[in-house]
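Engineer: Before I ask anything, here is the structure I am working with.
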Amino acid sequence: MTFPELREALAKCHLTLDDQMMEQYDRYLHLLVEWNEKFNLTSIVLPEEIVEKHFYDCLLASDPAHFPNKQVLDIGSGAGFPGLVWAIAYPSSSFVLLDATQKKCLFLEEVKRALNLSNVTVIHGRAESLSSSLREHFDLVSARAVASLRILLELGAPWLKIGGTFIAMKGPKGEEELEEAHHAIKVLGLGQVEVRKAMLPNEDGIRLNLYLKKERKTEKRYPRSYADVVKKPL
Ligand code: SAH
């Protein structure tokens, strides 16, 4: 997918990207290709694939109606997916990009600086050990390709406000993971779930994006230590 194709496809989904945003995506793409040669940030390396499988995929999962003036936490952002891609398209919202790997955080800081993104904060750390001052703080919490849903929800739900939405970007197994996560959803105070199916072009695959509303406060004992979260998933 080329940049003009990206812009046209998203315009059909009611997301308008202006010229400045397109320049920022172009700069981001170049930095990703350049850094990837040294640091192996992503296995997707061809520019047209980056546009489709990273930029387009992330933007497809974002509903413009969710976004004006929001506080967003992206867990395990990696090279910025989806958080940094969204930060360019939704400048009125603020984004915390969290990752446990330092070199990924250095890359995120570099893109933030080069693109002059004042709505981005990068945190090097782990979701299960975020500061307790951030409990019930965010309107949106997102993650792509970080952990299976029931684990991810325990890592992320405590930081979400009541009325906020957890956005889990999943592939073809999204519905199976949702079945397994029923107990976790209940225990963590999440409720109503929406599943949206999206298709990448060129038969590159089905994406199942999950949107879970937070309805009640999450008990203080969650998240547990990472070892417990993984050993005894909810
Ligand atoms: N979201 C990106 C990266 C996926 S790779 C994408 O879709 O391309 C998973 C990333 O999650 C890695 O960069 C890893 O460092 C980070 N990660 C894994 N567990 C984490 C945790 N508990 N807290 C914060 N980051 C975590």
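Throughout, read-outs are computed from the coordinates displayed, never taken from laboratory work. Keep in mind it's a predicted model, so treat the numbers as computed, not measured. Using ideal geometry, Cβ is built from the backbone for each residue, glycine included, and neighbour counts are taken over all protein chains shown.
Engineer: Restricting to segment 1-19, name every residue that is of a type outside the set (D, E, K, R) and surrounded by 12 or more Cβ atoms within 10 Å (Cβ to Cβ).
Structural biologist: M1, F3, L6, A9, L10, C13, L15, L17, listed by residue number.
Engineer: Of the residues that sit in segment 142-163 and are closer than 13 Å to G76 by Cβ and not in a helix (DSSP H, G or I), which one is farthest from the ligand (Cβ to nearest atom)?
Structural biologist: S148
Engineer: Now a separate question. Would you please name the residue that is farthest from T218 (Cα to Cα), looking only at residues in segment 118-136 that are free of Cβ contacts under 8 Å to residues at least 40 places away in the same chain and among the small types (G, A, S)?
Structural biologist: Across segment 118-136, the extreme among qualifying residues is S118.
Engineer: What do you reckon, is L115 surrounded by 17 or more Cβ atoms within 10 Å (Cβ to Cβ), in contact with a Phe, Trp or Tyr (Cβ under 8 Å, 6 or more places away or on another chain), farther than 23 Å from Y25 by Cβ and touching a residue at least 12 places away in the same chain (Cβ under 8 Å)?
Structural biologist: no
Engineer: Do you know which of the residues in segment 70-94 that are more than 13 Å from the ligand (Cβ to nearest atom) and surrounded by 24 or more Cβ atoms within 10 Å (Cβ to Cβ) is farthest from Y28 (Cα to Cα)?
Structural biologist: Among them, the one singled out is V72.
Engineer: A further question on this structure: In segment 137-165, how many residues are in contact with a strand residue (DSSP E or B) (Cβ under 7 Å, 6 or more places away or on another chain) and either crowded, with 16+ Cβ neighbours inside 10 Å or farther than 21 Å from R216 by Cα (or both)?
Structural biologist: Here the count works out to 20.
Engineer: Within segment 119-138, track down each residue that is more than 9 Å from the ligand (Cβ to nearest atom) and assigned to a loop (DSSP other than H, G, I, E, B).
Structural biologist: N119, S131, R135, E136, H137, listed by residue number.
Engineer: Under 26 Å from E179 (Cα atoms), away from the ligand (no atom under 12 Å from the Cβ) and aromatic (F, W, Y): is that true of F67 in this structure?
Structural biologist: In short, no.
Engineer: Go through the residues of segment 30-41 one by one and say whether even a single one is at negative phi, within 13 Å of the ligand (Cβ to nearest atom) and under 14 Å from the mean Cα position of the chain (by Cα).
Structural biologist: no
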